[in-house]
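J.: Have a look at this one before I ask anything.
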Amino acid sequence: MRKASSIIAIGSDHAGWALKNTLLRFLSRRGFRVLNFGCDNDQTRVDYPDYAKSVALAVHRKKADMGVLCCGTGIGMSIAANKIPGIRAAVVWNQRSATLAKEHNAANILCLSGRLLSIPQAKRSLLAFLSAEVSTEPRHKKRIKKIAALERNHQ
Ligand code: RB5
């Protein structure tokens with residue numbers, strides 16, 4: 001399990017707001033420091049790239065150890081967050097995908113659906129992600145390096 005002293009940046013749009021608040025409390029109860037980048041309610045429609053940017057920059061700038069982003073599907077958040085260098089944002093849908101996102105893909109932001117996942121399933125996925133470790137196997141490390149190389153040179 002990732003150290004409870006870890007700092008986690010969290011954000012959502014209106015469609016992920018309820019799930020974000022639940023996960024914020026869930027993490028705080030477990031002793032994590034959580035930086036909440038909004039949004040602040042589910043009544044006002046907002047644009048998910050704005051919140052993906054805030055959380056991804058917090059991770060990129062090492063203000064947070066990892067991030068959690070919630071929107072309707074998790075997909076828009078992941079697409080936007082992955083535009084920031086060094087970010088590997090993964091949409092996950094169960095414990096296994098969450099574990100593999102950390103182990104194989106060294107994901108540093110977890111993207112969760114507020115509309116397609118139950119709250120218990122989202123919590124289980126988050127716990128699986130926090131419990132998993134990045135694989136040290138050379139084949140996985142080589143692939144992560146290739147992703148980083150794509151950021152530098154994509155001609
Ligand atoms: C908002 O309606 C919805 O499009 C957004 O939350 C997200 O699912 C986008 O990927």
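J.: Amide H neighbours of residue 33 under 5 Å, counting only residues 5+ apart in sequence or on other chains, H built in-plane at 1.01 Å?
T.: The answer is 6, 8.
J.: Follow-up question, since we're still on this one. Give me log10 I(q)/I(0) at q = 0.11, 0.14, 0.26 Å⁻¹ for the range 1-74, Debye formula, one equal scatterer per alpha-carbon, no solvent.
T.: Computed log10 I(q)/I(0) values: -0.24, -0.38, -1.15.
J.: OK, next. Setting aside same-chain residues fewer than 8 positions from residue 102, which aspartates and glutamates have a Cα under 15 Å from its Cα?
T.: 65, 133, 137
J.: Using θ = phi - 60° and the Karplus form 6.51 cos²θ - 1.76 cosθ + 1.60, what ³J(HN,Hα) does each residue of the range 139-155 get, whole Hz, x for Gly and Pro?
T.: For the range 139-155, the Karplus curve yields 5, 6, 4, 4, 5, 5, 5, 5, 5, 4, 5, 4, 5, 7, 9, 10, 6 Hz.
J.: When Rg is the radius of gyration of the Cα atoms in the range 21-155 and Rh is its Kirkwood radius, what does Rg/Rh come to?
T.: Answer for the range 21-155: 0.96.
J.: Within a Cβ distance under 11 Å of residue 42, other residues only, what is the Lys/Arg minus Asp/Glu net charge?
T.: In short, 0.
J.: Can you run phi through the Karplus equation (6.51, -1.76, 1.60; θ = phi - 60°) for the range 114-126 and list ³J(HN,Hα) in whole Hz, with x for Gly and Pro?
T.: Working through the residues one at a time gives x, 10, 10, 10, 6, 4, x, 5, 5, 5, 4, 5, 5 Hz.
J.: Also, quick follow-up: Using a Förster radius of 30 Å, what is the FRET efficiency between residue 62 and residue 150 based on their Cβ-Cβ separation? Nearest 0.05, please.
T.: The value I calculate is 0.90.
J.: Sticking with this one: Taking amide hydrogens as modeled 1.01 Å from N in the peptide plane, which residues meet the under 5 Å criterion relative to residue 112, leaving out close sequence neighbours?
T.: For residue 112, the qualifying residues are 69, 70, 71.
J.: Express the relative contact order of the range 1-105 as a whole percentage, based on alpha carbon pairs under 8 Å and six or more residues apart in sequence.
T.: 29 percent
J.: What spacing in nm lies between the two simple spin-label points modelled at residue 139 and residue 25, each 7 Å away from Cα in the Cβ direction?
T.: Here the modelled spin labels are 4.3 nm apart.
None of the figures in this text is laboratory data; all of them are computed from the coordinates on show. Keep in mind that this is a model prediction, so the values were computed, not measured. For neighbour counting, all protein chains shown are included, and Cβ atoms are generated from backbone atoms with ideal geometry for every residue, glycine included.
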